Amino acid sequence: MTRKPISLGTTQDPVREERRAQPLARPFLFVVLHCDQPALGGARYCLSEIDVVDIGRGPERVASRVREANTRRLDLRLPDGTISKTQARLVRSGHGWTFEDAGSRNGSFVNDKRVRTVALEDGDFIELGNVILRYRAGLPSSPASAGDLDLESPEVGGFSTLVPPLADELDTLTRIARAPIPVLLLGESGTGKEVLAGGVHALSGRTGPLVAVNCGALTASLLESQLFGHVKGAFTGAIRDEPGYVRRANGGTLFLDEVGDLPMPAQAALLRVLEESEVVPVGGTSPIKVDLRVVAATHKPLDKMAIRGELRVDLLARLSGHRHMLTPLRDRIEDMGILVRDLLRRSKVPGAPELGFTVEAGKLLVQQRWPLNIRELSQTLGVAAALADGPLIESAHLESVHLESAHLESAHLLAPSHETIAPPEPEEERGTAPDELRGRILALLEKHRGNVSGVARDMGKSRVQVHRWIQRFSIDIDAYRA
């Protein structure tokens, strides 16, 4: 029978002997996506000790391993009315595998072509009714990540994956999360670094909060106040004591998002905090002890930045307790089913969790390169769910996304590696310094008890613009509404 995920949300069995074992390249069969029932998630089955895989219809997704004479067989049942009771089989052939249709009613397809018998190659997609499967010829896997795994259960955390090498890496991160070690999350934009940071904090057992800092939004003139807080009267507009990001994270985790954008003055100030575990608020005279764990993330090449002098080498060393590289979506398409299920469940579009996909739409999802990764997939599903006028999302709802993805990928490949796309800076009050503008906003928030409409009215600006300034200056608006 298939093995369900363990309670921590990882995809590993915590057996020490298995962790010591060196990964081996093993063949796998993945259930990637039930197009009409994405809530079923996905599954993986290791083929290294199997000779034949029989696939057919059943009341639920279930896999059984049986041994008959000298044949080791995996019997896989899939809940799909368009699949025959005896649909197809995979047969070991030397060091590879052959796919055979078993005279099914609606036929079997490999890479969009209807087939009777075909030798499988690494990465081939197999389409049986409404179900998309994928064959991988040899993925590095430890004994723990080589086990069969069914991720149908909705209780799945950000640490879940069907991909064996990624599962091994996440297992290591799970164990690191329980230790007071700084973690540095690296990877392309949109790969889920913020979600993973939340997972690290949840597993850490720390009782304090997770406080996220957008390092790119810290302004040079206000960074010490934003990071370390200030005392009342420290500067114009400082009408109350503010703790700052670092002290808010006391007892918890400080998440430095896009740490590669941290201004050089802030790097020196942050290094002092990490070395001495204390802060001095702006306008204060006595240091205040803090107890925090730091998780940093970026898509930038920090080692190269350190060589160029754009990042302090000693700060990089402090942040690099454990480095974890996030895998781009194009290299973990086997996880499409569990990602689609969870993203539809979190969608704010009414009825999205109950939606399915036509087979053509499902194939479009697994065939994309997704240059903006999970963030792009999330936006795509949200738009498609809003456009769907029936129980199934159609390929037409995704075609515009297909063209946009191709355009984005071309731009990504043509752009110099050091360039990134960033949103325009919010407009400034003409003739007003940033610290004066922040002080004015703080005073008006105090006056109107956090009512943004009142602040906008007094400033003669739109509520949208005031919200932009609040975000840019990292102001905790809830503190003024209490």
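The values are calculated or read from the model by the stated rules, or taken from the named source; none is laboratory data. Remember, predicted model here, so these are calculated numbers, not experimental data. Positions of Cβ are backbone-derived with ideal geometry, glycine not excepted, and every protein chain shown enters the neighbour counts. Protein only, heavy atoms only, side chains kept; ligands, DNA and RNA dropped before computing areas. Shrake-Rupley method; radii C 1.70, N 1.55, O 1.52, S 1.80 Å.
Results, tabulated for the structure shown:
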quantity: Filtered residues of segment 293-321 (kept if out of contact with any strand residue (DSSP E or B) (no Cβ under 7 Å at 6 or more places or on another chain) and either assigned to a strand (DSSP E or B) or hydrophobic (A, V, I, L, M, F, W, C) (or both)); calculated: Leu302, Met305, Ala306, Ile307, Leu311, Val313, Leu315, Leu316, Ala317
quantity: Residue match in segment 210-221 (condition: more than 29 Å from Pro371 (Cβ to Cβ), touching a Lys or Arg at 6+ places or on another chain (Cβ under 9 Å) and open to solvent by less than 10 Å² (accessible area, probe 1.4 Å)); calculated: no
quantity: Strands (runs of 3 or more DSSP E) contained in segment 78-152 and holding at least 2 residues farther than 14 Å from Tyr45 by Cα, open to solvent by 60 Å² or more (accessible area, probe 1.4 Å) and of a type outside the set (D, E, K, R); calculated: 117-119
quantity: Breaking point among (1) surrounded by fewer than 19 Cβ atoms within 10 Å (Cβ to Cβ); (2) of a type in the set (Val, Ile, Thr); (3) not in a helix (DSSP H, G or I), for Thr191; calculated: (1)
quantity: Residue count, segment 342-363 (criterion: part of a helix (DSSP H, G or I), in contact with a Gly (Cβ under 9 Å, 6 or more places away or on another chain) and open to solvent by 10 Å² or more (accessible area, probe 1.4 Å)); calculated: 3
quantity: Cβ-Cβ under 6 Å pairs, at least 6 apart or on other chains, segment 333-356 side over 11 Å from Ala385 (Cβ atoms), far side polar (S, T, N, Q) and open to solvent by less than 10 Å² (accessible area, probe 1.4 Å); calculated: Asp335/Thr161
quantity: Only one of Leu222, Leu185, Leu196 that is more than 30 Å from Gln379 (Cα to Cα) and in contact (Cβ under 8 Å) with a residue 60 or more places away in the chain; calculated: Leu222
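Quick grid of which residues meet (1) surrounded by 20 or more Cβ atoms within 10 Å (Cβ to Cβ); (2) among the aromatic types (Phe, Trp, Tyr); (3) modelled with pLDDT of 95 or more:
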{"site": "Gly157", "(1), (2), (3)": "no, no, no"}
{"site": "Leu227", "(1), (2), (3)": "yes, no, no"}
{"site": "Lys232", "(1), (2), (3)": "no, no, no"}
{"site": "Phe235", "(1), (2), (3)": "no, yes, no"}
